[in-house]
1. What are the pairs with Cβ atoms under 6 angstrom where one residue, in the stretch A:126-148, is closer than 20 Å to A:Ile50 by Cα and without any contact (Cβ under 8 Å) to a residue 40 or more places away in the chain and the other, located anywhere, is of a type in the set (Lys, Arg) and crowded, with 19+ Cβ neighbours inside 10 Å? Sequence gap at least six, or different chains.
2. How many of the residues in the stretch C:352-366 are surrounded by fewer than 20 Cβ atoms within 10 Å (Cβ to Cβ) and either under 22 Å from C:Gly262 (Cβ atoms) or out of contact with any strand residue (DSSP E or B) (no Cβ under 6 Å at 6 or more places or on another chain) (or both)?
3. Mind listing just one residue for me: the one in the stretch B:227-256 that is under 14 Å from the mean Cα position of the chain (by Cα) and over 19 Å from B:Ala181 (Cα atoms) and, of those, nearest to the other protein chains (Cβ to nearest Cβ)?
4. Within the stretch A:222-239, can one find any residue that is within 14 Å of chain C (Cβ to nearest Cβ) and assigned to a loop (DSSP other than H, G, I, E, B)?
5. Please count how many residues of the stretch C:191-215 are more than 17 Å from C:Asp241 (Cα to Cα), within 14 Å of chain B (Cβ to nearest Cβ) and β-branched (Val, Ile, Thr).
6. Can you name every residue in the stretch A:130-147 that is over 22 Å from A:Ser241 (Cα atoms) and more than 7 Å from chain B (Cβ to nearest Cβ)?
7. Would you mind stating whether A:Val120 is buried (at least 22 other Cβ atoms within 10 Å of the Cβ), within 10 Å of chain B (Cβ to nearest Cβ) and at pLDDT 90 or above?
8. Could you give every pair whose Cβ atoms fall below 9 Å, whose first residue belongs to the stretch B:64-86 and is charged (D, E, K, R), and whose second residue is at pLDDT below 90 and in a loop (DSSP other than H, G, I, E, B), counting only separations of at least 6 or pairs across chains?
Amino acid sequence: MHRTLLLLVVGVSLAFGVDWFLGEFIEEYVVRIINLCGIAIILAVSLNVINGLCGQFSLGHAGFMAIGAYVSAYFTTTLRVLNTETGETVVRAPLFDGAWGFVPALLIGGMAAAAAGLVVGVPTLRLKGDYLAIATLGFGEIVIIMLTNFESVGAARGLPGLPNYASSFWILTFAWICVVSSVFLQRSTFGRALVAIRENELAAEVMGIRVARLKVMAFIYGAFFAGLAGGLLGHLLRTISPSTFGFMKSIEVVVMLVLGGLGSLTGAIVGAIVLTVLPEALRDVEQQAKLPGIRMVVYALVLILLMIFRPQGIFGQRELSLKLLRRLLPGGRK
Amino acid sequence: MLELLATAEPGGTSLAQALLQQVANGIAKGSVYALIAVGYTMVYGVLQLINFAHGEVYMLGAYFSYYPAKWMGYTTDPEDPTFVPAKVPLYVVGFLFVCSMACCAFLGMLIERFAYRPLRNSSRLAALITAIGVSLLLQNGGIMLFKADPRGFPTLIEQSSVDLGLVALTNTKIIIVVVAAVMMTGLHLFVQKTRPGAAMRACSFDMRTARLMGVNVDGTIGLTFAIGSIMAAVAGVLVAMDQPTIDPLMGLMAGLKAFVAAVLGGIGSIPGAALGGLLLGVTESVVGTFSTTYAEAVAFVLLILVLLVKPSGLLGKSGREKV
Amino acid sequence: MRKALILAIALSVLFFTAIGCKDKGNEAGGSGATEDTVKLGLYVSTTGKIATFGTDTKNGVDLAVEEINKAGGIKGKTIDLRFYDAASKAEEAGNVATKLATQDKVLVAMGEVASGLSLAAAPVFEQNGIPMVSPSSTNPTVTQQGKNIFRICFLDDFQGSACAVFAYKELGKRKAAIIRNQDDPYSTGLADYFRLKFKALGGEIVADESYKEGTKEFASQITNVKAKTPDIIFLPCYYNDVALLSQQIRGQGIGDDVPMLGGDGWESANLIPNSKGALEGSYFGNHYSPEDPSEHVQAFVKGYKAKYNTAPSSLAALGYDVVYVVKKAIEEAGEFDRAKVRDALAALKDFKGVTGTFSIDEHRDARKPISILKIQGDKFLPVKQIQPQDVK
């Protein structure tokens, strides 16, 4: 318990220090990329619990993000709703007016996403592998179509004018919390039970693991952080619309995970950072080469080649540690 | 029902008539889904791989017939709006279909050989990610090569409305339904009655045993991809004939819907793909009578419902896990 | 001990909340100009879902920049155009906006076509005190994001209402049907305002159907529309969808006595060839007519055709105009200073562009008339001009 609190204090102070440092010395563009990396880390690490540890292949992460983003924005943002019958625009002041409301709104968003995780998790438990992937993909699409039709959250227009609350401090703090809690989870009996389910569901059940319950809990955990990340992303972009959370977004997160090595926490973090920074770095290459669109072609090619030559991802299921580094370096102990 | 028919306002239609019309629309729509779905279902049956790139093969099917038509001077020209292309003769229509089928068959086999075969023994997730990669590659490569703006497809057959008694459909839609029905029946017979078909079924049942029994597994898998791609190519040209603009992203939505249709019908089963396609098309259209806004969500709601009740799909075989 | 720890954490969280969300101040001023060049930024999507529109806009911008640089630049300085692809994604729009604002430090930024992407970029430019001019984001909320955000196109509400006025008053139509793209804010915006105005005038909306982005088969929607026997069909979509919709509407047997009507999204050289005659006798609202005999428009159309081998779309025309608007504002500001250019933009009066003569109003939006064009053969013929005051 003490260690948890200590870690939290360390993380929060670290985030605070980094936020100050970034604000003072680092160019805004770089800060923005760092912020996006932080959000990507939350997404990849939380999906790693569902896909990597528990082995449940989910393609619905963007749906949970959308729920988190919309619910938190609903509390922090001034809504302007056009009544399509009378032509009047109804203005509603934010429910949580002021910066204090940001974290509560984020948490409510996360909880709403977690509730959706429960709703999705319970019925889809019976499904395995590809079928589960498709069902979760369907769930994500349903969320998007619903949001596209809810006039009260702007329908296809989305919600503009989210307040500027997603500072590096909050993004890094939540990324830290997400990573630390995942480490604890991985080492707990719960985490080990999830791995058991991944390795052999039937055997796990025979060993007395309550498979159904744990699977749902993994879903809820992943969905909660996806919702948080959605809320953070919304407040960073300061506008949200259903199209931001399409199924390509889910795929992006899965690719981060697979790139780093499914089931490896550090792999997820590295994958998240690489796939956030790489497209930005390739932007200049594209500009120099005068081949608009080559960026995505390269991205796709890298993906295919990586899978062919290293299907287990960069780290496989191992974690990046000093020991591993030493072993990978030339002349190291094998 | 009769009352509903009777209350039609002059020139308008009653609800019952509208519903019938929507069913007819749905059958035409569903036939296309079915043609594409076959490709998903066959590949999944043999390799347990969701071939995400299949929607892009369908898109390329349309482009593979657009370019020959363009080189022969049958397309309109945005630089010169007054240019009226000649009517496309029937033998050229046939040639365009064959050309697109041949190119797509080759492309399908190429994708299998270079992207999927090296991964046959690694995890299914790796293969799935590769499939997503191939899909992204074809999409974005398509945007680079063909440019993003939609192209006007030549008029292969002059469209007209045909009155079928209670409902009316355009002639192109009727052609779609007929061609799809013929192709699906032909494919079913091929798989059930011929030796290569038997080899396909053997591979799908148990690939290792099939190899031991002397089946050329690699060849059979190549053939599976070729046939699936031919069906997608036909769908691509048929759709371009009915809805004559094509663009590099047209495979995205069509592929997703067709995949849903394949899962609905029971992935791995060819009659299942036909059933799933028709069911999806008709449900979407009928729901569309009442609200086109939510009709799009229907595909996914239907998918989740069917998966919950019968996880292996309507006509799929459910496999029990052995201990 | 534990209580103390919890208390400390609670306190620190409160403390950090208070300062963690600090708003970075505006850095007004800045020049973006060197000895002989002036940096202008452009961000549109040349890849992804809306690549077509971004590419058209960029073509227009490139043409204008080329012309201006050939003629000696802006106040003697050549334009150094910094372009980044927004890739049809809100995140990327925000990223490239930040890059333009903080790395390239441009004087003025131009972009995006889609309102959703403009909305993601606008806060970045607003925060950095850089004027942003959108060529074609029609959603009313875009320019509400701050005093540095401008646009030179009409808004959804004006355009939708103008179409309704034209249908009701000029064509004498009373029963309208709408088919909209539910995923596209432009389309739903136009549809909503058309619906409101048409009903307010006394007309009836007999059907309001929608479809999903990427749909190519509209049989369900058209069957529903046909059952309600409308006397006009409003299609607030882009030309690629309109080409298919119109053919399928005529294909399902809705006759020529029911014209179709739409907005500026229709304008494209591909519209008439791709719709294969189905749009004969239909109308759409536009910024200008390529057939306009005025020298300015014809010079633009000719220059565009020479460079790109195709006729310009309305998006290309707006892209072309946005550069000249910026040029005029810089010249009127008298110096290369962001705040001064901003003020000059806000005070812009009677700018003569290829998309009409317009002024910037107090909401930083362009006030300009809409031309209703009729499609006849392979020509767009102007039939009526509607002024902003006509729809009030």
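The values are calculated or read from the model by the stated rules, or taken from the named source; none is laboratory data. Note that this is a predicted model, so its numbers are computed, not measured. Ideal geometry is used to build each Cβ from the backbone, glycine not excepted, and the neighbour counts take in all protein chains shown.
1. Final answer for the pair search is none.
2. Initially, the stretch C:352-366 is screened for residues surrounded by fewer than 20 Cβ atoms within 10 Å (Cβ to Cβ), giving C:352, C:357, C:359, C:361-363.
Narrowing further to those that are either under 22 Å from C:Gly262 (Cβ atoms) or out of contact with any strand residue (DSSP E or B) (no Cβ under 6 Å at 6 or more places or on another chain) (or both): C:352, C:357, C:362-363.
Matching residues across the stretch C:352-366 total 4.
3. So the residue we want is B:Met253.
4. Yes; the residues of the stretch A:222-239 include at least one that is within 14 Å of chain C (Cβ to nearest Cβ) and assigned to a loop (DSSP other than H, G, I, E, B).
5. 1
6. Taking the stretch A:130-147 first, the residues over 22 Å from A:Ser241 (Cα atoms) are A:130-135.
If the condition is that a residue be over 22 Å from A:Ser241 (Cα atoms) and more than 7 Å from chain B (Cβ to nearest Cβ), then A:Leu132, A:Ala133 are the ones that fit.
7. On the way: buried (at least 22 other Cβ atoms within 10 Å of the Cβ): yes; within 10 Å of chain B (Cβ to nearest Cβ): yes; at pLDDT 90 or above: no.
Judged against the criteria, A:Val120 is not a match.
8. Final answer for the pair search is B:Lys70/B:Pro154; B:Asp77/B:Phe83; B:Asp77/B:Pro85; B:Glu79/C:Ala269; B:Glu79/C:Asn309; B:Glu79/C:Thr310; B:Glu79/C:Ala311.
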